[in-house]
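This report refers to the structure that appears directly beneath it.
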Amino acid sequence: MNEAILSGLLESGTDPADVVATVRRAERAAELAERHHGVTAIAGEEEPDNNKQATKGSGVVILGVKPVGITELAREISSSLSPTTVVVSVAAAVSIAQLEAALPAGQPVIRSMPNTPAKLGRGVVSVSPGTNCTAEQLQRVKDVLHGAGTVVEVPEEQVDALSAISGSGPAYAFYLAEAMAAAGRELGLDPDLSLLLARETVAGAGFMLAEPGADPSALRKAVTSPNGTTERAIATFDERGLPAIIAAGARAAAERAAEITRQLG
Ligand SMILES: NC(=O)c1ccc[n+]([C@@H]2O[C@H](COP(=O)([O-])OP(=O)(O)OC[C@H]3O[C@@H](n4cnc5c(N)ncnc54)[C@H](OP(=O)(O)O)[C@@H]3O)[C@@H](O)[C@H]2O)c1
């Protein structure tokens, strides 16, 4: 996820010389520096104060370790932050209150929820400002994250719902492609051909959805001739309750996010 954000950032014109990335392993740091020419990458196993080095003098700091390590990392970098450094966390389920409690009083904080298409600059990245974040600081972070995709601002209360749709959503689309490939095999298609058909069809439909103003319902109706084959398939999905199944899955994801927040708290 962090490399997806980094790629988007550089694609959108950020000077690589202005970016410092930290990781644990030297091998990973070397890989990042090679792939993103001009970016400084520092490994904790070589320089244990790498996170402090990277955050000193930074205007925006993006924290992207696993949720369970976020508050520890926030405490680790606290002494090297300036009072105006904006700390952005992309960790799922870690609340603004939990972040603010781990940072110096008054530190500007933004909670963000990206998704993996950010790697191609086609992600959805949410931002929810904390109590000390000014409008200018929020705008600066939106500009930084813009390279990763469409930036949306949501109140923190809606992050679990957003995460259930856009955060987990790429997996739902991949799941659909898997199910389509399995259905093709069941209909007698060669497995490789079936996978290719499912993959290219979901990807192609995604491109159509990415057109400005695209409406999924109108696009679906445009390929559904009355009394045709697609109509029969969609009617079967409806009869079997597929929309309700998807809604139940999304609800379960949102509930799980709330559960993890409680556990981390
Ligand atoms: N994956 C998603 O779709 C998604 C969506 C939204 C939000 N997120 C959030 O994104 C965050 C990262 O997820 P991920 O799946 O990308 O995890 P990941 O693959 O484990 O990446 C974590 C990265 O952080 C580095 N790291 C770990 N501890 C560190 C430390 N103390 N100091 C410096 N670097 C450290 C790791 O370095 P090494 O490589 O050297 O170990 C690794 O590069 C999580 O908080 C997750 O909730 C993920």
Of all residues in the stretch 35-83 being within 23 Å of the chain's Cα centre (by Cα) and charged (D, E, K, R), which is nearest to M113 (Cα to Cα)?
K66
At least 2 residues that are under 17 Å from M1 (Cβ atoms) in each: list the strands (runs of 3 or more DSSP E) lying fully within the stretch 19-96 that qualify.
20-23, 60-63, 86-89
Report whether or not I70 is within 9 Å of the ligand (Cβ to nearest atom), β-branched (V, I, T) and farther than 24 Å from V125 by Cβ.
no
Among residues of the stretch 75-103 being surrounded by fewer than 18 Cβ atoms within 10 Å (Cβ to Cβ) and closer than 18 Å to Q53 by Cβ, the residue farthest from the ligand (Cβ to nearest atom) is S82
Could you please give the count of residues in the stretch 202-241 that are under 22 Å from the mean Cα position of the chain (by Cα) and charged (D, E, K, R)?
1
Checking A181 against (1) touching a Leu at 6+ places or on another chain (Cβ under 6 Å); (2) not in a helix (DSSP H, G or I), only one condition comes out false. Which one?
(2)
When (1) at pLDDT below 95; (2) among the polar types (S, T, N, Q); (3) more than 30 Å from L138 (Cβ to Cβ) are applied to T261, the one that fails is (3)
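To keep it simple, each residue is scored yes or no on (1) among the small types (G, A, S); (2) out of contact with any Cys (no Cβ under 7 Å at 6 or more places or on another chain); (3) touching a residue at least 24 places away in the same chain (Cβ under 8 Å); (4) in a helix (DSSP H, G or I).
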position: L176; (1), (2), (3), (4): no, yes, yes, yes
position: E200; (1), (2), (3), (4): no, yes, no, yes
position: G206; (1), (2), (3), (4): yes, yes, yes, yes
position: E211; (1), (2), (3), (4): no, yes, no, no
position: S217; (1), (2), (3), (4): yes, yes, no, yes
Mind checking which residues of the stretch 46-62 are more than 8 Å from the ligand (Cβ to nearest atom) and touching a helix residue (DSSP H, G or I) at 6+ places or on another chain (Cβ under 6 Å)?
E46, K52, T55, K56, V60, V61
Just to be sure, is A218 surrounded by 11 or more Cβ atoms within 10 Å (Cβ to Cβ) and either farther than 21 Å from A118 by Cβ or at pLDDT below 95 (or both)?
no
Check the stretch 49-59 and report whether any residue there is in contact (Cβ under 8 Å) with a residue 60 or more places away in the chain and closer than 25 Å to V125 by Cα.
yes
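The values are calculated or read from the model by the stated rules, or taken from the named source; none is laboratory data. Since this is a predicted model, take the numbers as computed values, not measurements. Virtual Cβ from ideal backbone geometry, glycine too; neighbours counted across all protein chains shown.
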